[in-house]
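J.: Would you mind keeping the following structure in view while I ask a few things?
Each reported figure results from applying straightforward, stated rules to the coordinates on display, with no laboratory input. The model shown is predicted, which means the values in this text are computed figures rather than measured ones. In this analysis, Cβ positions are derived from the backbone assuming ideal geometry, glycine residues included, and neighbour counts consider all displayed protein chains.
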Amino acid sequence: MNEKVTIDIRGRQLTIDAEGLTPLEVNALADYVSERIQQVQHAHPATADTSKLALLAALDLADELFRLRKQFDSEKELSEQKVDDMIASLRSATDASKGQVKK
């Protein structure tokens with residue numbers, strides 16, 4: 001059973017299931033979201049609607065997630081290529097040393 005955690009985001013309280021996270025982790029996420037909403041509010045001072053600010057913050061967080069995923073995928077692909085290159089080099093060295101032993 002999931003633990004219920006009450007969080008506060010910009011003065012609005014919400015009780016949620018922790019879903020595998022500790023209460024400390026859930027509260028850290030809530031703080032992060034609060035900070036993001038505050039950043040959006042500073043960037044758009046004419047926007048007083050908290051729902052609109054929350055949606056803009058959600059879009060900002062989604063953009064961050066997509067950028068990080070793209071960066072991760074690029075780095076993963078590069079790492080996989082390096083591993084493949086090392087394997088090929090090891091095979092080549094192993095094959096070369098087998099040829100020298102037979103002579």
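J.: Exposure proxy check: 10, 91 ranked by fewest other beta carbons within 10 Å?
T.: Details: 10 15, 91 10.
Ascending Cβ contact count within 10 Å gives the list 91, 10.
J.: Normalised radius of gyration for the chain, please: alpha carbon Rg relative to 2.2 N^0.38 Å, two decimal places.
T.: Cα Rg divided by the expected 2.2 N^0.38 Å: 1.94.
J.: Sticking with this one: For the range 4-102, build the charge dipole from Cβ charges (+1 Lys, Arg; -1 Asp, Glu) around the Cα centre, then report which of 99, 54, 44 sits farthest towards its positive end.
T.: Farthest along the dipole direction, towards plus: 99.
J.: Given contacts defined as C-alpha pairs under 8 Å and at least six residues apart, what's the relative contact order of the chain, whole-number percent?
T.: Reported relative contact order: 15 percent.
J.: A follow-up question, please. Using only the alpha-carbon atoms, how far is helix 23-43 inclined from the longest principal axis of the chain? Give it as 0 to 90 degrees, nearest 10.
T.: It works out to around 70 degrees.
J.: Quick one: putting +1 on the C-beta of Lys and Arg, -1 on the C-beta of Asp and Glu, what dipole do you get for the range 4-102 around its Cα centre, in Debye to the nearest 20?
T.: The calculation lands at about 240 debye.
J.: Let me ask something additional. With everything on Cα atoms, drop me the angle between helix 50-102 and the longest principal axis of the chain, reported from 0 to 90° to the nearest 10.
T.: Around 10 degrees separate the two axes.
J.: Between beta-carbons, use under 13 Å as the cut-off and find the net charge around residue 4, counting Lys and Arg +1, Asp and Glu -1.
T.: Details: positive: none; negative: 3, 17, 19.
Every neighbour counted, the sum reads -3.
J.: Right, here's the next one. Run lengths n ≥ 4 of DSSP H only: what is the helix-derived mean residue ellipticity at 222 nm for the chain, with -39500 (n - 2.57) per run over all residues, to the nearest 500?
T.: Mean residue ellipticity, 222 nm, calculated: -26500 deg cm²/dmol.
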